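What follows is one structure encoded as C-alpha cells, with my remarks underneath.
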Amino acid sequence: MNAILRPVATAASTADFRVAMRHLTGGVSVITAGRGREITGMTVSSVTSLSVDPPALIVSINREASSFPLIKRSCAFGVNILNADQLEIAERFAGKGGLKGAERFAGAEWITGVSGVPLLVGALAALDCEVEEIIERHSHGIVVGRVQEIRNSARSAALAYWHGQYAAVDQREDAARLAESRSGVTC
Ligand SMILES: Cc1cc2nc3c(=O)[nH]c(=O)nc-3n(C[C@H](O)[C@H](O)[C@H](O)COP(=O)(O)O)c2cc1C
C-alpha cells in the first residue's frame, strides 16, 4: 500500500485546525472557468506556486463549488491575483449578495486568455492555465495548472486574507514601515 494514502489516525479536531489555519496569511485570487456565457469563478486563497520550470501552480478547490465541474470538463482555468483595491471583486466571487456564474463578472473589465477563460484587467497578474492533473482528496480537488499565458502588471499592493479579514499588503508602504522599525538597530 502506498504510505502516502494510508489513513492517518489523528487526535486533531477540525475546530483546532480552523483556528490554526486562520494564522496563515493568504494572497487572494479569483479563479475563472468556462467561456462565452457559460462562465463562473470563485475567490480563493489557496493558490501556490508549484514549479518555475515549467511554470506550474496548484489551487485547492472545494468539489461542491460551481467552478469545479467546469474546470474538470474544460481542462482550463484562469488565476487572477487581486490588487488591494479589488476587495469588492473578491466579495462578489466569494458569493456575497447571492451572485452566481456570469453575474459575478459584471462591473469589472475582462479579456479572454489563450484557452478562452476570462482574465481580469487590472489584476496584479493574470494567468491562463491548462489543467495537468486533478487530485481529488477529502472535500477538495488539488488542481495542478500548467501556465500557458501570463499577464503581469506594474501594480504593487496585494489583497491578502488573514484571521477572517481582508488586508492590504503594500510593497512601498510596508517597506518604509519596516525600514522605520529597523532604524536604530546596529547589527
Ligand atoms: C478569502 C477567501 C478565500 C477562499 N479560498 C478558497 C479556496 O482556496 N478554495 C475553495 O474551495 N474555496 C475558497 N473560498 C470559498 C469560495 O470563494 C466560495 O465558497 C465560493 O462561493 C464558491 O463558489 P460557488 O458559490 O460558485 O460554488 C474562499 C473564500 C474567501 C472569502
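The values are calculated or read from the model by the stated rules, or taken from the named source; none is laboratory data. Computed from a predicted structure; not experimentally measured. So basically every Cβ, Gly included, is an ideal-geometry build from the backbone, and we count neighbours across all protein chains shown. For the accessible areas, the whole protein counts, side chains as well, though only heavy atoms, and no ligand, DNA or RNA atoms are used. Shrake-Rupley method; radii C 1.70, N 1.55, O 1.52, S 1.80 Å.
Remarks
- In segment 154-164, the residues that are more than 9 Å from the ligand (Cβ to nearest atom), modelled with pLDDT of 95 or more and of a type outside the set (A, V, I, L, M, F, W, C): H163
- Any chance R18 is open to solvent by 100 Å² or more (accessible area, probe 1.4 Å), more than 7 Å from the ligand (Cβ to nearest atom) and in contact (Cβ under 8 Å) with a residue 60 or more places away in the chain: no
- Scan segment 142-187 for residues that are charged (D, E, K, R), in contact (Cβ under 8 Å) with a residue 40 or more places away in the chain and either open to solvent by less than 60 Å² (accessible area, probe 1.4 Å) or not in a strand (DSSP E or B) (or both) and the total you get is 2.
- Under the condition of being more than 16 Å from L87 (Cα to Cα), in contact with a strand residue (DSSP E or B) (Cβ under 8 Å, 6 or more places away or on another chain) and open to solvent by 80 Å² or more (accessible area, probe 1.4 Å), the residues counted in segment 25-39 number 1.
- Hits in segment 58-82 - residues which are open to solvent by 10 Å² or more (accessible area, probe 1.4 Å) and more than 12 Å from the ligand (Cβ to nearest atom): K72, R73, S74, C75, I81
- The number of residues in segment 83-102 that are more than 15 Å from L120 (Cβ to Cβ), open to solvent by 60 Å² or more (accessible area, probe 1.4 Å) and more than 8 Å from the ligand (Cβ to nearest atom) comes to 2.
- The condition of being more than 14 Å from the ligand (Cβ to nearest atom), in a helix (DSSP H, G or I) and touching a residue at least 24 places away in the same chain (Cβ under 8 Å) does not hold for D128.
- Subset of segment 40-53 (residues that are open to solvent by 50 Å² or more (accessible area, probe 1.4 Å) and either more than 6 Å from the ligand (Cβ to nearest atom) or free of Cβ contacts under 8 Å to residues at least 40 places away in the same chain (or both)): T48, S49, L50, V52, D53
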